[in-house]
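Handing you a structure now.
Each value in this text was obtained by applying a stated rule to the coordinates, not by laboratory testing. This is a predicted model, so every value here is computed, not measured. Backbone-built Cβ (ideal geometry, glycine too); neighbour counts: all protein chains shown.
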Amino acid sequence: MDPEGAARWDAYADEFDRQPDHGLTDPVVREAWRSLLRSLLPPPPATVVDLGCGTGSLSCLLAGDGFEVEGVDFSEEMLAKARAKADRLGVRATFRRGDAADPPGRGPFDVVLVRHVLWVLPDPEVALDRWVSLLGPGGRLVLVEGRWDTGAGLSGTWTEAAVRRRTDSVRFRRLDDPALWGGPITDERYAVVGETAGAGA
């Protein structure tokens with residue numbers, strides 16, 4: 001775990017939720033994410049680990065819909081806000097400190113959910129191996145990623161291929177609905193879902 005990296009995210013915690021897709025305070029944006037996640041995840045009460053959960057908006061959204069959720073982040077300030085958010089919303093979600101790239105997962109989970117984390121990691125291939133190892137039979141790795149206007153990020157082609165090498169089936173979905181982001185976008189944003197074979201397959 002990188003102490004300097006954690007300090008940077010600690011410093012960003014107060015303003016993190018100002019982005020529409022981070023805070024989910026706009027009902028339209030929140031409902032767009034709820035609808036998206038329902039289409040990508042198995043039904044509740046599936047177990048979900050939300051890696052790099054930040055202030056816990058997705059964790060709380062899923063917990064409110066009946067999922068059993070554990071959020072992991074290496075920023076104590078982010079986690080404090082996530083716990084306060086869960087208390088304020090009256091939902092049950094567990095939040096633990098840990099490195100998203102190598103989480104202290106108890107596993108197995110039905111879903112490993114990771115949004116906008118893979119692209120910042122020094123070795124995304126190693127992280128993907130670790131994340132898939134947390135899944136049980138029939139489990140789903142759900143990645144929300146993008147390649148930004150700045151040129152940073154990961155292309156959908158790269159991410160889909162990387163997940164395909166590690167799972168038994170893959171779905172790709174472009175996320176160009178402005179409702180998800182609080183307005184129109186011009187860069188590439190997408191979801192990749194890799195599913196492992198079920199028990200006895």
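Summing Lys, Arg as +1 and Asp, Glu as -1, what charge do residues with Cβ under 12 Å from the Cβ of A82 carry, A82 excluded?
Values: positive: K81, R83, K85, R88, R96, R97; negative: D17, D50, E70, D73, E76, E77, D87.
That works out to -1.
What is the spread of the Cα atoms of the range 52-104 along each of their three principal axes, largest first, in whole Å?
Principal-axis extents of the range 52-104 (Cα, largest first): 27, 20, 12 Å.
Return, ordered by residue number, the residues of the range 127-153 whose backbone nitrogen is under 19 Å from a label point located 7 Å along Cα→Cβ of D187.
Once the point is set 7 Å along Cα→Cβ of D187, 143-153 turn out to lie under 19 Å by backbone N, inside the range 127-153.
Applying the Karplus parametrisation 6.51 cos²θ - 1.76 cosθ + 1.60 with θ = phi - 60° to the phi angles of the range 180-187, what ³J(HN,Hα) value in whole Hz is obtained for each residue in order, glycine and proline being reported as x?
Computed from phi, the couplings for the range 180-187 are 5, 10, x, x, x, 10, 10, 9 Hz.
Note down the relative contact order for the chain as a percent, whole number, built from C-alpha pairs under 8 angstrom at least six residues apart. Mind dumping the intermediate values first?
Working: 394 pairs, mean separation 36.8, N = 201.
Taking the mean separation of contacting Cα pairs over the length of the chain, I get 18 percent.
Could you pull out every whole DSSP H run in the chain that spans at least 18 Å of Cα extent along its own axis and averages 0.0 or higher on the Kyte-Doolittle scale?
In the chain, the long hydrophobic H runs are 27-40.
Mind checking the full-extension length gain between F172 and D129? Use 0.36 nm per residue of separation minus the Cα-Cα distance, one decimal, nm.
Working: separation 43, 0.36 × 43 = 15.48 nm, distance 1.89 nm.
Extra length available between F172 and D129 comes to 13.6 nm.
Which whole-Hz couplings ³J(HN,Hα) result when phi for each residue of the range 189-198 is put into the Karplus expression 6.51 cos²θ - 1.76 cosθ + 1.60, θ = phi - 60°, listed in order with x for Gly and Pro?
The phi angles translate into 9, 7, 10, 10, 10, x, 10, 8, 5, x Hz.
Using helices alone, what [θ] at 222 nm do you get for the chain, with -39,500 (n - 2.57) per DSSP H run of 4 or more residues, divided over all residues and rounded to the nearest 500? Don't skip to the answer; put the middle values down first.
Working: 8 runs with 77 residues, N = 201.
So the helix-based figure for the chain works out to -11000 deg cm²/dmol.
May I pose another question? Report the full-extension gain for the segment W158 to R18: residue separation times 0.36 nm, less the Cα-Cα distance, to one decimal in nm.
Working: separation 140, 0.36 × 140 = 50.40 nm, distance 2.96 nm.
Between W158 and R18, full extension yields an extra 47.4 nm.
Quick one: grab Rg to one decimal and Dmax as a whole number for the chain, Cα atoms only, in Å.
15.7, 47
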